[in-house]
There are 2 protein chains.
Amino acid sequence: MPPADTRTAILDAALALIGRAGIAGFSASALAAEVGVSKATLFHHFRSLDEIPLLAFDRMIAGLVAPDLPDEASLAEAVAAFGSGTFAVAEARRDFLRAYFTFVSGAMYDDRLRARLTASLAASTEAVAALLAPRMADPARAAELAGLLIAFLDGAVTHLLVDPDSPRPRAAWAALQAMIERSYAHADRD
Amino acid sequence: MPPADTRTAILDAALALIGRAGIAGFSASALAAEVGVSKATLFHHFRSLDEIPLLAFDRMIAGLVAPDLPDEASLAEAVAAFGSGTFAVAEARRDFLRAYFTFVSGAMYDDRLRARLTASLAASTEAVAALLAPRMADPARAAELAGLLIAFLDGAVTHLLVDPDSPRPRAAWAALQAMIERSYAHADRD
């Protein structure tokens with residue numbers, strides 16, 4: 001396959017592998033076997049094994065925070081799209097999310113990973129805030145709302161990973177969306 | 001010390017140990033050394049090593065969800081007390097919270113732990129709902145609000161563990177409290 005596709009296949013396989021077996025099951029041999037390439041091919045595309053999960057998570061998170069949204073979408077629609085994307089991943093790609101939480105948990109004991117995750121959280125918050133700001137009555141509050149959404153969805157999705165049949169995370173999300181609509185939307189648009 | 005104190009000391013030491021070294025560093029020998037007792041004493045108080053972290057987490061979570069609240073406290077005061085308790089633990093007892101997230105992350109790969117955590121989440125939600133219901137305009141929505149608070153605080157505290165200096169989790173919490181006050185409080189009390 002073309003080099004860019006191989007690179008993407010390696011990143012996706014890294015998430016699948018970590019999601020299935022935890023970070024303990026992540027090795028160059030296991031990853032190469034998962035993709036169906038040689039270890040030499042891995043190291044042709046990436047400088048080190050360590051950077052692969054980091055880049056894979058960035059790819060996953062970028063997909064969540066940049067939903068394909070028409071310009072004229074309202075605040076309620078933008079918030080709903082961000083949330084449904086996150087819940088859809090929680091249902092369809094449990095391996096991705098398990099990998100994410102394994103990674104967050106590992107980061108608590110590793111300064112370099114923690115710095116990486118701090119930067120990634122800040123970038124996600126900024127991307128979500130940029131999506132919301134033009135749709136808000138007070139765009140200066142976009143960062144606050146983005147932080148609220150990301151914290152809530154991180155917690156809700158963790159709870160769904162623990163207990164996939166619980167109706168609570170979605171009920172809480174519906175309630176939060178209604179409050180956000182009343183508190184942050186343009187009075188004349190939404 | 002009296003048996004009840006030894007039991008409590010073992011549970012607290014288990015959290016400190018897991019918080020410092022991850023679940024990988026948790027063994028009967030390390031725990032006995034941490035408390036300053038023999039392994040025989042551990043197994044006099046607990047049937048198995050496995051149940052110790054589970055009971056320790058129940059103890060920690062019970063402390064968070066049952067803040068010492070006067071009967072006449074308003075909804076805003078109850079919500080504020082629950083949140084400040086959680087943020088205070090996030091700051092003062094990083095080891096406790098690290099242990100909690102290590103445990104949640106481990107539960108994703110272990111059905112028995114996951115069942116235990118599911119029960120624990122349901123019990124926490126019920127305890128928080130019971131605290132809020134008498135202070136709400138519509139007590140039937142107490143479970144929904146409890147789920148929202150727990151999901152948000154879990155996410156916010158995870159972010160604080162990753163990035164302790166970020167102002168975002170507390171800014172988001174202030175915004176959420178204001179929305180909850182407007183949406184759920186008794187019009188005549190708060």
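The values are calculated or read from the model by the stated rules, or taken from the named source; none is laboratory data. Not measured: the values here are computed from a predicted model. Here Cβ is always computed from backbone atoms with ideal geometry, including for glycine, and neighbour counts include all displayed protein chains. Note: accessible area is taken over every heavy atom of the protein model, side chains too, but ligands, DNA and RNA are not part of it. Shrake-Rupley method; radii C 1.70, N 1.55, O 1.52, S 1.80 Å.
Yes/no per residue for (1) under 30 Å from residue A:25 (Cα atoms); (2) within 19 Å of the chain's Cα centre (by Cα); (3) among the hydroxyl-bearing types (Ser, Thr, Tyr):
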residue	(1), (2), (3)
B:108	yes, yes, no
B:128	no, yes, no
B:151	yes, yes, no
B:174	no, no, no
**Asked** Can you find a residue in the range A:113-123 that is part of a helix (DSSP H, G or I), more than 24 Å from residue A:25 (Cβ to Cβ), more than 10 Å from chain B (Cβ to nearest Cβ) and at pLDDT below 90?
**Response** yes
**Message:** Being open to solvent by less than 10 Å² (accessible area, probe 1.4 Å), more than 7 Å from chain A (Cβ to nearest Cβ) and part of a helix (DSSP H, G or I) is true for just one of B:146, B:127. Which residue is that?
**Reply:** B:146
**Request:** Within the range B:64-77, identify whether any single residue is within 27 Å of residue B:138 (Cβ to Cβ), modelled with pLDDT under 85, surrounded by 15 or more Cβ atoms within 10 Å (Cβ to Cβ) and of a type in the set (Val, Ile, Thr), and answer yes or no.
**Result:** yes
**Prompt:** Taking the range B:1-59 on its own, how many of its residues are part of a helix (DSSP H, G or I), open to solvent by less than 60 Å² (accessible area, probe 1.4 Å) and not β-branched (Val, Ile, Thr)?
**Reply:** 24
**Prompt:** Any chance the range A:92-102 includes a residue that's crowded, with 20+ Cβ neighbours inside 10 Å, at pLDDT below 90 and over 12 Å from the mean Cα position of the chain (by Cα)?
**Reply:** yes
**Request:** Mind listing just one residue for me: the one in the range A:90-138 that is out of contact with any Gly (no Cβ under 8 Å at 6 or more places or on another chain) and among the β-branched types (Val, Ile, Thr) and, of those, farthest from residue B:91 (Cα to Cα)?
**Result:** A:128
**Complete:** Cβ pairs under 6 Å, 6+ apart or interchain, first in the range B:160-187 and under 16 Å from residue A:115 (Cβ atoms), second of a type in the set (D, E, K, R), ordered by first then second residue, are B:162/A:114
**Prompt:** So is residue B:172 within 30 Å of residue A:120 (Cα to Cα), part of a helix (DSSP H, G or I) and modelled with pLDDT of 95 or more or not?
**Reply:** yes
**Message:** Considering only the range B:126-141, I want to know if a residue exists there that is among the acidic types (Asp, Glu) and over 30 Å from residue A:109 (Cα atoms).
**Reply:** yes
**Message:** Scan the range A:105-121 and tell me whether some residue there is crowded, with 23+ Cβ neighbours inside 10 Å, closer than 21 Å to residue A:60 by Cα and among the β-branched types (Val, Ile, Thr).
**Reply:** no
**Prompt:** Can you name every residue in the range B:65-76 that is without any contact (Cβ under 8 Å) to a residue 40 or more places away in the chain and part of a helix (DSSP H, G or I)?
**Reply:** none
**Prompt:** Do we have any residue at all in the range B:131-143 that's without any contact (Cβ under 8 Å) to a residue 12 or more places away in the chain, charged (D, E, K, R) and open to solvent by 20 Å² or more (accessible area, probe 1.4 Å)?
**Reply:** no
**Request:** Could you grab the pairs with beta carbons closer than 8 Å, sequence gap of 6+ or different chains, first residue in the range B:37-50 and in contact (Cβ under 8 Å) with a residue 40 or more places away in the chain, second one surrounded by 12 or more Cβ atoms within 10 Å (Cβ to Cβ)?
**Result:** B:45/B:6; B:45/B:7; B:45/B:10
**Prompt:** Is it the case that the range A:177-190 has a residue that's under 24 Å from residue B:101 (Cβ atoms) and open to solvent by less than 40 Å² (accessible area, probe 1.4 Å)?
**Reply:** no
